[in-house]
Amino acid sequence: MRRIHVGNALSAFGLGFTVPYLYVYVAQVRGLGSMTAGLVLAVFAVAALVVLPFAGRAIVRRGPLPVLLAALVTAAVGSLSLGLAGGASAVLMSAVALGAGQAVMQPALATMIVDCSSAETRSRAFATQFFLQNLGLGVGGLIGGHLVDASSVSSFTLLFAVEAAMFLVLVVVMSTVRMPRAPRIEGAPGGRSAKGSWKQLLGNRAMVQLCVLGFVLFFACYGQFESGLAAYGVEAAGVSTSALGTALAANTAMIVVAQFAVLKFVERRRRSRVIAAVGLIWAVAWVAAGYAGLGHGSQEMATAAFISTYALFGLGEAMLSPTVAPLVADLAPEGMAGQYNSAFALVKQLALAVGPAVGGPMGASLHGPYVVTFLVFSLGITYLAVRLGRRLSAVQDQPWLGKSRVVAQGAAAAAGAARSRA
């Protein structure tokens, strides 16, 4: 598990070097224009949507580790070639490889965490993963910002080379991991059973409801960070680009500072209630955003309210990390964690593709409707979470009950054995 967490941190550190500067690199440094840069960002999403349905099948058949190693090598090749590419076609092909590799890493690493943890330790394991991912992204972005020079192509080539090197270092680290033997589905290699596994997943009503809830979560929060909410902040609230950077930093800082304090709070709470509480917190965040852009206060107050919006989103994210991913794992039948993780990652990618497309134009021009729309979506999260709670079993919603029941049953069995010996 320690090596898996090191791998999460390294991959996030590498991504932090390039993700904030991808648009500038393609559009300005390579001189390919905003249209090509937009296509590159779209290609990332499309590549993920194409490969994720197959990733789950591969993880079930081969195990998560071989799939992760293949994804890392693919991402390393894509990153290095992207740093060297000069033409539009080369840039787009490199983005396909990098996007596909990045997308497959997520469910593979999540399945490895599931296989290396128990129901009692899983929430803490996923919270640690989320903490290290954000810390790695923040540190990587900070260092990359000091290395990059918009007038120098070689500085961007260096960034992509560092990212590729991180992926290859991760290959070496992950190659030393010896995974416990995970349960297998009989006949999983066959094409018919793969179709059956998707049919089985869609027949799991709780999982389907969680996927719908997940789409709304990612659409209403993550899908707005760098598109609609940023455009709204600049156009409606009048925040400067430096204040926008401060808001993003506040989001990361809230996650890093609050993650383990929040973990102690949510570990003994119903998962459905925790998710419902996140919807209410995000509703408050959108009210703060509304005040920033529509409250007609001073510029300082508007900037402070806008930064608090990102900080409140970070608090909600810290509550979700030990809640949603372990719930996906607990809903999966034995040997199907890879399929379920890939399905949920697919839903996430769909939301991240649709979110900017809807939120971007609204945030830039329809300020009032934009805030109201996503305030309603946040309240919808609370409603959907309460509905999901009715579909979950007691142990799925409150995993510590399983532990206490095992202890109680073990104590009863020991007492019975003592009476028999007497």
Requested in this report: Return the total of residues in segment 106-124 being open to solvent by 10 Å² or more (accessible area, probe 1.4 Å) and either outside any helix (DSSP H, G or I) or not β-branched (Val, Ile, Thr) (or both).
Outcome: 12
Query raised in the report: Taking Val372 and the conditions (1) open to solvent by 40 Å² or more (accessible area, probe 1.4 Å); (2) under 16 Å from Arg271 (Cα atoms), which numbered condition does it fall short on, given that it satisfies the others?
Result: (2)
Requested in this report: Identify all residues within segment 15-51 that are in contact (Cβ under 8 Å) with a residue 40 or more places away in the chain, open to solvent by less than 20 Å² (accessible area, probe 1.4 Å) and touching a Phe, Trp or Tyr at 6+ places or on another chain (Cβ under 7 Å); write none if there are none.
Outcome: Thr18, Tyr25
Report summary line: Heads up, the helices (runs of 4 or more DSSP H) in segment 350-422 (entirely inside) with at least 2 residues that are closer than 28 Å to Gly38 by Cβ and either within 27 Å of the chain's Cα centre (by Cα) or at pLDDT below 80 (or both) are 367-391
Query raised in the report: Going through segment 230-253 one residue at a time, which ones are open to solvent by less than 20 Å² (accessible area, probe 1.4 Å) and part of a helix (DSSP H, G or I)?
Result: Ala230, Tyr232, Gly233, Ala243, Ala247, Asn251
Report summary line: Scanning segment 218-229 residue by residue, those open to solvent by 10 Å² or more (accessible area, probe 1.4 Å), in a helix (DSSP H, G or I) and at pLDDT below 80 turn out to be Tyr222
Query raised in the report: Does any residue of segment 316-329 turn out to be closer than 22 Å to Ser365 by Cα, modelled with pLDDT of 85 or more and assigned to a helix (DSSP H, G or I)?
Result: no
Query raised in the report: Regarding Val266, is this residue open to solvent by less than 40 Å² (accessible area, probe 1.4 Å), among the aliphatic types (A, V, I, L, M), over 27 Å from Gly141 (Cβ atoms) and at pLDDT 90 or above?
Result: no
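The values are calculated or read from the model by the stated rules, or taken from the named source; none is laboratory data. From a predicted model like this one, the values you see are computed outputs, not experimental measurements. Note that we place each Cβ from the backbone using ideal geometry, even for glycine, and neighbour counts take in every protein chain shown. Heavy atoms of the whole protein, side chains included, go into the accessibility calculation; ligands, DNA and RNA do not. Shrake-Rupley method; radii C 1.70, N 1.55, O 1.52, S 1.80 Å.
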